[in-house]
Amino acid sequence: MEINELLKEFLELNGDSEEKIKLYFAPGRVNLIGEHTDYNGGYVLPFSLQYGTYLVARKATDPLVKFKSKNFPMLAQVCLQQRVKRIGNSWVNYPLGVIREFDAIKPLSDGLELLYYGDIPNEAGLSSSASIEMVTAYAINDLYNYSLPTLDLIKMSQKAENTFVGMNCGIMDQFAVGMGREDTAVFLNCNTLEYKHIPFNLSGYTIIIANTNKKRTLSGSKYNERRAQCVQAVKDISTNFAIPNLSVLSPEDFELHKSLIHDSVSRKRAQHIVSENQRVLDAIVCLKNGDLKNLGLLMTASHHSLRDLYEVSCNELDVLVEEALHIEGVLGSRMTGAGFGGCTISLVADSSVETFIELLGNRYLARTGLVADFYIGKSGKGAGSIDF
Ligand code: GLA
């Protein structure tokens, strides 16, 4: 979509005004490795994509916030003098939740005119929701000259999703969207929020994202169930060995104390978390050393752990990974994001990318009856404004 077209549509919708029109962008993200570790105080290694959500925004002279998205049919309008309330299951709840967070610390004095356009698929586990939240937070912070640091915007967006939208996510998505940088992945310690940009040099290889296009069902409730099982594992271990979260356990600690976890299911969940944290650390060493072969093996091991121990994969994700690994030039493959549908990422030799997309698409269709979509997983900028 052309930026000029978006600006033209904004003016057609909202007319002229003395206030300045501004343009913002926040990316989606994929997680290279470190899955379901964020809400366990662990390590993650996501990167921001070049796809995301664009937002044309302008302060309004009345106390109304007008929302329109080119991706969804609904046009919504809320009055700032009234308490912000949820609107069914609409996408508008993401920006509304962010506005409610601003209300708590820096209420908006004037309204806003907002036009969104996203070029990442929704419901695909590529964080379209975090990108809508972050682009809104970034725009309000900028238009109102609030000068809040990006970390505050990240926390406010996560809180909006937890308390307003009702999805009890960790901080990884909003963090990657806010702090992403071109050609790097974000290595984040979700316990301390210390982070580092890790150069993402895949010399001769590309990350290919494959979308299962499987509708995710029950993902919210299963996600919360996994969280609860991890909390239970922490409680059980703490009866004899006090720990704040599973991520403080080294693989050796886990072996020593795992029998304290009563329930075998919670034990499997904990084992995934402990081993996944170690895989993130190992993956960073591989990236630093340009050891893509072992990086690929770690990705595949992560998938197997998510499939067998954390049990958040599904047939469609497993088929994509299994078939990807049979294709020449593929070093590794795994599901990315929460699971139960969404996308896989594969590390593919540049020279094999075309064949990979064709073969994997055909084999996936033959085995599942679904058409997969493919995207190049190149890392792009984090949330920010765009000059035009
Ligand atoms: C979703 C959540 C994240 C994270 C991942 C799993 O994307 O929003 O916080 O927990 O699942 O790694």
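The values are calculated or read from the model by the stated rules, or taken from the named source; none is laboratory data. Remember, it's a predicted structure, so these values are computed and weren't measured experimentally. No Cβ is skipped: glycine too gets one built from the backbone with ideal geometry, and neighbour counts run over all protein chains shown. Accessible surface areas use protein heavy atoms only, side chains included; no ligands, DNA or RNA. Shrake-Rupley method; radii C 1.70, N 1.55, O 1.52, S 1.80 Å.
The GluC sites (Glu not before Pro) found in the stretch 316-368 that occupy coil by DSSP, while having at most 13 further C-beta atoms within 10 Å, are GLU328. Ordered from largest to smallest accessible area (heavy atoms of protein chains, 1.4 Å probe), the residues HIS197, HIS272, HIS304 come out as HIS304, HIS197, HIS272. Put a plus charge on the Cβ of each Lys and Arg, a minus charge on the Cβ of each Asp and Glu, and nothing anywhere else: the dipole of the stretch 205-377 about its Cα centre is then about 560 debye.
Take the Cα atoms of the stretch 205-377, build their convex hull, and give its volume per residue in Å³.
Working: hull volume 19.3 nm³, N = 173.
Taking the convex hull of the Cα positions in the stretch 205-377, it is 112 Å³ per residue.
Keeping all protein chains in place, calculate the accessible area per residue for the stretch 205-377 (probe 1.4 angstrom), answer in Å². Don't skip to the end; give the middle numbers.
Working: 7440 Å² over 173 residues.
Counting only protein heavy atoms, the per-residue value for the stretch 205-377 is 43 Å².
Over the stretch 148-248, the hull volume per residue, using the convex hull of the C-alpha atoms, is 162 Å³. When the Cα positions of CYS79, MET134, TYR51 are compared along the charge dipole of the chain, CYS79 comes out farthest toward the positive end, with charges on each C-beta of Lys, Arg, Asp and Glu. In this structure, the residue pairs whose Cα-Cα separation is over 26 Å, taken from LYS8/LYS85; LYS196/LYS381; LYS214/LYS293; LYS66/LYS106; LYS106/LYS235; LYS85/LYS381, are LYS8/LYS85; LYS214/LYS293; LYS106/LYS235; LYS85/LYS381.
When the accessible area of the stretch 1-62 is split by element with a 1.4 Å probe, what percent falls to carbon and sulfur? Before the final figure, lay out each step's value.
Values: 980 of 2360 Å².
Roughly 42 percent, rounded to a whole number.
Distance distribution P(r), the stretch 266-342, all Cα-Cα pairs, bin width 5 angstrom from 0: 3, 17, 25, 23, 20, 10, 2, 0 percent. Note on the stretch 286-339: with charges restricted to the Cβ of Lys and Arg (+1) and Asp and Glu (-1), its dipole about the Cα centre is near 320 debye.
Our analysis of the stretch 317-388 gives Rg over Rh at 1.06, with the two radii drawn from alpha carbon positions and Rh computed by the Kirkwood formula.
The phi torsions of the stretch 353-358, fed into the Karplus equation with coefficients 6.51, -1.76 and 1.60 and a -60° offset, translate into couplings of 4, 4, 4, 4, 4, 5 Hz, rounded to whole numbers, with Gly and Pro shown as x.
What whole-number distance in Å separates the alpha-carbon centres of the stretch 245-283 and the stretch 1-47? Centre-to-centre distance over Cα atoms comes out at 35 Å. Helical runs assigned H by DSSP (4 residues or longer) give the chain a calculated mean residue ellipticity at 222 nm of -13000 deg cm²/dmol, each run adding -39500 (n - 2.57) before division by the residue total.
Specify whether the C-alpha gyration tensor of the stretch 84-240 places it in the rounded, prolate or oblate class, a ≥ b ≥ c being the square roots of the eigenvalues: rounded for a/c under 1.5, otherwise prolate if a/b is larger than b/c and oblate if not. Judged from the Cα gyration tensor, the stretch 84-240 comes out rounded (a/c under 1.5).
Please report how far the C-alpha centroid of the stretch 296-342 lies from that of the stretch 360-387, rounded to the nearest whole angstrom. For the stretch 296-342 versus the stretch 360-387, the Cα centre distance is 15 Å. Give the carbon-plus-sulfur fraction of the accessible surface of the stretch 85-228 in %, rounded to a whole number; probe 1.4 Å, heavy atoms of protein chains only. Ligands and nucleic acids excluded, carbon and sulfur give 46 percent.
In units of the compact-protein estimate 2.2 N^0.38 Å, the chain shows a Cα radius of gyration of 1.00. For the stretch 190-262, the square roots of the Cα gyration tensor eigenvalues, ordered a ≥ b ≥ c, give a/c of at least 1.5 with a/b no greater than b/c, which places it in the oblate category.
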